[in-house]
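What follows is calculated from the coordinates using simple rules that are stated; it is not laboratory data. Owing to the predicted nature of the structure, the values given are computational and were not obtained by experimental measurement. Counting neighbours? That spans all protein chains shown, and the Cβs are built from the backbone with ideal geometry, glycine included.
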Amino acid sequence: MPPRTLSDRTFAASTLVASAALLLFGIANASSSVAATESETATAPAAPQASDGAPRPFPDASLDDWKERSFSGNTDYALVDKDGVRALRGHARSSASILYREREVDLRKTPLLAWSWKIDRVYDAIDERVKAGDDYPARLYVVVKTGFLPWETLALNYVWSSTGVPGESWPNPFTDKATTSTAC
């Protein structure tokens, strides 16, 4: 399967209306994110496109308000100029980490989540539906707090799948409190 180069997606977040907070992970903007893994580079402008069709810039001038959590080494996150547009790039070499920012979002006022992303390759011969294959060139986590304790959450995990079809969904192989859905 040849690598796909760019995809813009907008998703309704009506299932999250009862949430009080939104956690954002990965490469992205003030309202979404994507994470690169395992020797991949992903780049995400802030929002898919302006009304003239041009990509919008990543809204933050720095990453000072973002935090990184490492699972296995650290991904290189940096703001870069991509075809004249400020974007957030993630490059991982045998590492796995997330860049995130916690924010409260009133989903009655902002019920849509939009982002764009680009990758340089997909993975061959991988079963993304099992723990051993839970690896994607890019992913976006939306985590909703459902209580006061840190583990009281639900998550939507949008992925750039190496093998799946856009719109497919399956249970997360690590927890029953998350669902994985292919955005690309």
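Structure above, values below:
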read-out: At q = 0.24 Å⁻¹, base-10 log of I(q)/I(0) for the range 127-177 (Debye sum, equal scatterers on each alpha carbon); value: -0.97
read-out: Simple spin-label estimate for Ser94 and Val80 in nanometres, 7 Å along Cα-Cβ; value: 2.2 nm
read-out: Length added when fully stretched, Leu112-Asp65, from 0.36 nm per residue minus Cα-Cα; value: 14.7 nm
read-out: Antiparallel %, DSSP beta bridges [both residues in the range 100-184], to 5; value: 70 percent
read-out: Cross-link pairs beyond the 29 Å C-alpha cut-off, checked among Lys67/Lys109; Lys109/Lys131; Lys109/Lys145; value: Lys109/Lys131
read-out: Values of log10 I(q)/I(0), in the order q = 0.13, 0.15 Å⁻¹, for the range 95-184 under a Debye, Cα-only, solvent-free model; value: -0.49, -0.65
read-out: Pair Asp176, Ser72: separation of 7 Å Cα→Cβ label points (nm); value: 2.7 nm
read-out: 19 Å Cα-Cα reach of Lys118 towards lysines, excluding residues that sit fewer than 8 places from it in its own chain; value: Lys82
